[in-house]
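The values are calculated or read from the model by the stated rules, or taken from the named source; none is laboratory data. Since the model is a prediction, treat every value here as computed from it, not as a measurement. All Cβ positions, glycine included, derive from the backbone under ideal geometry; neighbour counts span all protein chains shown. Protein only, heavy atoms only, side chains kept; ligands, DNA and RNA dropped before computing areas. Shrake-Rupley method; radii C 1.70, N 1.55, O 1.52, S 1.80 Å.
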Amino acid sequence: MQVTPDSSQTSADLLTENEELRSIVEKLSAEREQYRDLYLQMLELNKKLERGILGQQAEKLPADESQLTLQLLGTLLKDGDKEQENDKSEGEAQLQEVQSHKRRKPSGRKPLPEDLPRVDIEILPEEVKREGLDAFERIGEEVREAVERRPSSMVAVRVTRPKFVRNDRAVTSGARVQIADAIELPIERGVAGPGLLADSLVRRFQDHLPLNRLEGIYAREGLEMARSTLCSWHEQLADLARPLVEAMWEDGLSASPYLCTDATGVLVQAKERCRRGHFWVVVAPERHVLYRYSKKHDSEAVDRLFADYEGYLVADAHAVYDHLYVDGKVVEVGCWSHCRRYFFKALSSDPERSREALAYIRGLFDLERAQASAPRKKRQQAREEKSRPLVEGFFTWCEAQSHCVLDDTPIAKAVGYALNQREALSRFLEDGRLPLHNNGSELALRRQAIGRKNWLCVPRRRCSMIAA
């Protein structure tokens, strides 16, 4: 006998199913609106952060989140094998040692450097002064050191070169006059000695003092000079140092296992309104830190920096570098600090996912810190055993979250950035010499970032002096 379905029962089921679907859609829509509100709040907070009004700028998890990192490491490194369990325990011990070292504060006052010039002052009691040292027996002393400063001053150095001639009467009147060779100064026929020139360079380019401030400082020290004179000195010194700088560039591009690079913008003086120029830094590890200036932040400027270079390049994911990687002569190495920055920005709008991602990244940084002083081969082995599982776990997590996050939200941009840069971010696993991040380049550019507040803008004459 054939059984026919009850039409009334089927309609009721469909109605119930539609109601459930409607409630799910309404719930998801409400969550989406809540998510968007958090996103807008985060944007406002981020603007305040950029203006330096609110909050800390360090892109790392709070100290009490370290347990999450250890749990992730324990899960990813656990394989059931006793030897790997020992490795995991050793890795966790190293991480805890690093974290305890960061919390440890130095105690006591550091002794003053031994190479500081010292002036000894002995103070006698008044009674000893009155009656004399013969009336007392010296049984000890108390010594206390304080740091003082001698005011700097200009010194006029007079160099005299006496002339001599032999006083032997037998020598004819055409005897040769004897005189010492003249002292060679950095600027030919200049009045400035090497000490003053070095001081002016350090104050201008390291301490970021504009020429008008240097003019006032030197006037207080007894020598009035125009800022145009200082600028002329520095232009001539730039020509003098150019062969050395070019040799450093050639050595850095040819002899370094990898290079790190970054760029920052700066205002340049112009007639109607300031235009924007760019300072570039190229770090050849343990060899050179090199700087160049360009009018534009484009691929042509990159080509001038890395002409004929072959090797690893640690850089951010900016499009100006993409053409370098096409033929494979230059190999891209990603920066985990840049990746971390995206998740840090998403922390306020999606704290759970962001915290989990930051815990993965913190685990990588802790492992690198524990192996910072290890030889290349040992560091490579540690990366293969401990860092690789963590990297693979992170990207597996990113792939799973990419289907759950909402488009155009901070967490979606963070996950998208990580997945797009997966190959470059994993590159450090190939070679124990490669760094995990590009922080060295950013640190080297801090002098330009700090100097911008003092310069306001860069004079055009200076751009011509420092341009490639």
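Assorted remarks:
- Solvent-accessible heavy-atom area per residue, rounded to whole Å², over the range 159-295 at 1.4 Å: 65 Å²
- Rounded D (µm²/s) - the range 309-380, Kirkwood Rh over Cα pairs, Stokes-Einstein at 20 °C, 1.002 mPa s: 148 µm²/s
- R0 of 35 Å, Cβ-Cβ distance Arg176-Met154: FRET efficiency to nearest 0.05: 0.40
- For the range 112-264, with all protein chains in place and a probe radius of 1.4 Å, 52% of the accessible heavy-atom surface sits on carbon or sulfur.
- Volume of the convex hull of the range 157-218 (Cα atoms only), normalised per residue: 101 Å³.
- Pairs exceeding 20 Å between alpha-carbon atoms, taken from Lys27/Lys413; Lys271/Lys296; Lys271/Lys295: Lys27/Lys413.
- Hits among aspartates and glutamates - C-alpha to C-alpha of Lys386 under 16 Å, sequence gap 8 or more where chains match: Asp79, Asp81, Glu83, Glu85, Asp87, Glu90, Glu92, Asp366, Glu368, Glu430, Asp431
- A quarter of the convex hull surface defined by the alpha-carbon atoms of the range 212-253 gives 3.8 nm² as the mean projection.
- Relative contact order computed over the range 194-346 (Cα-Cα under 8 Å; 6+ residues apart), in percent: 14 percent
- Summing Lys and Arg as +1 and Asp and Glu as -1 over all other residues whose Cβ lies under 15 Å from the Cβ of His403 gives a net charge of -2.
- Unit charges at the beta carbon, dipole of the range 335-439: most positive-side option, Ser354, Leu436, Phe344: Leu436
- Accessible area per residue for the range 301-420, computed on protein heavy atoms with a 1.4 Å probe, is 45 Å².
- Carbon and sulfur %, accessible surface of the range 317-404 computed with the full protein complex present, 1.4 Å: 50 percent
- Cα convex hull, the range 317-468: 174 Å³ per residue, rounded to a whole number.
- For the pair the range 271-303 / the range 370-389, the C-alpha centres are spaced 33 Å from each other.
- From the largest down, the range 205-324 spans 52, 35, 21 angstrom on the principal axes of its Cα atoms.
- Magnitude of the charge dipole, the range 181-301, Cβ model with Lys/Arg +1 and Asp/Glu -1, debye to 20: 720 debye
- Kirkwood-based Rg to Rh ratio, the range 229-287, C-alpha trace: 1.10
- Tail beyond 17 Å, pair distance distribution of the range 255-398 (Cα, percent): 71 percent
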